[in-house]
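Please read the structure below before turning to the comments.
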Amino acid sequence: MTTPSSPAYDRLSIALHWTVAIGIVGCYGLGLAQDEGPRAMRQGLQNLHISLGIVVLGLVALRLAWRAGRWALSPRSVTTDTWAARLAHAGLYALMVAVPLLGLFMLWTRGLDVSVLGMSLPSPWPADRALAKVISGLHEAAAHGLVLLAGLHAAAALGHHYLLRDDVLGRMLPLARRS
């Protein structure tokens, strides 16, 4: 995280930010689409949704580790805007972790083993349809919340760019000029 007058984020932070953002949008779209079309197509979409969700979870873990290491490198002043941004980012990270974990737990409570990129993640407990239904609802609500909060995050970045005319958005763009 940087302050309004600080330079751009490093390349790894930018790459992880945009890769995770694209992954989340793709995963969300696949989650919506997996209920449509012929059964074979739905199964394929579901498998892709699960694999992409696990990959996104791994990338989020990498983002958190990278961010934690870089956090100590830059002192920050604390303002109301900073607290709002920190709260929004904490919510985004919490949901980026919760959504795929809830998805895994949902599948496991259905008694299903999960296969991700050729690796099997067996269910650690027996099927429980009632619990699976509850977790499914939580997974869906958290996914909608994540996309809503990500949309607000994007709107705030655009507001900084077009209304406040600062460089908050420019620092996270992959091809932005570096000072």
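Brief remarks on what is shown
- Alpha carbon centroid spacing (whole Å) that separates segment 107-179 from segment 89-105: 6 Å
- Annotation: amide H-H contacts under 5 Å for VAL116 (H modelled 1.01 Å from N, sequence separation of 5 or more, or interchain): LEU121.
- Fully extending the segment from LEU12 to LEU138, taken as 0.36 nm per residue of separation minus the present Cα-Cα distance, adds 42.2 nm.
- Most to least packed among 128-134, 116-122, 48-54 [average Cβ atoms within 10 Å]: 48-54, 128-134, 116-122
- Take the Cα of LEU164, step 7 Å toward its Cβ, do the same at ARG86, and the gap between the two points is 1.5 nm.
- Restricting the calculation to alpha carbons of segment 23-179 gives Rg and Dmax of 18.5, 56 angstrom.
- Spin-label model distance (nm) - ASP35 vs TRP66, 7 Å beyond Cα toward Cβ: 3.4 nm
- Environment charge at LEU30 (Cβ cut-off 14 Å; Lys +1, Arg +1, Asp -1, Glu -1): -2
- Charge dipole magnitude, Cβ of K and R +1, D and E -1 - the chain, Cα centre, debye nearest 20: 360 debye
- Helix 11-33 axis, angle to the chain major axis (alpha carbon atoms, nearest 10°): 40 degrees
- Carbon and sulfur %, accessible surface of the chain computed with the full protein complex present, 1.4 Å: 69 percent
- Length gained when the stretch TYR93-LEU148 is fully extended (0.36 nm per residue, less Cα-Cα span): 18.5 nm
- Dipole of the chain [Lys/Arg +1, Asp/Glu -1 at C-beta], most positive-end residue of GLY69, THR82, LEU102: GLY69
- Computed helical MRE - 222 nm, the chain, DSSP H runs ≥ 4 contributing -39500 (n - 2.57), nearest 500: -23500 deg cm²/dmol
The values are calculated or read from the model by the stated rules, or taken from the named source; none is laboratory data. Please read all numbers here as calculations on a predicted model, not as lab measurements. Note: ideal-geometry Cβ built from the backbone for every residue, glycine included; neighbour counts use all protein chains shown. Quick note on the areas: whole protein, heavy atoms, side chains included, nothing else; ligands and nucleic acids left out. Shrake-Rupley method; radii C 1.70, N 1.55, O 1.52, S 1.80 Å.
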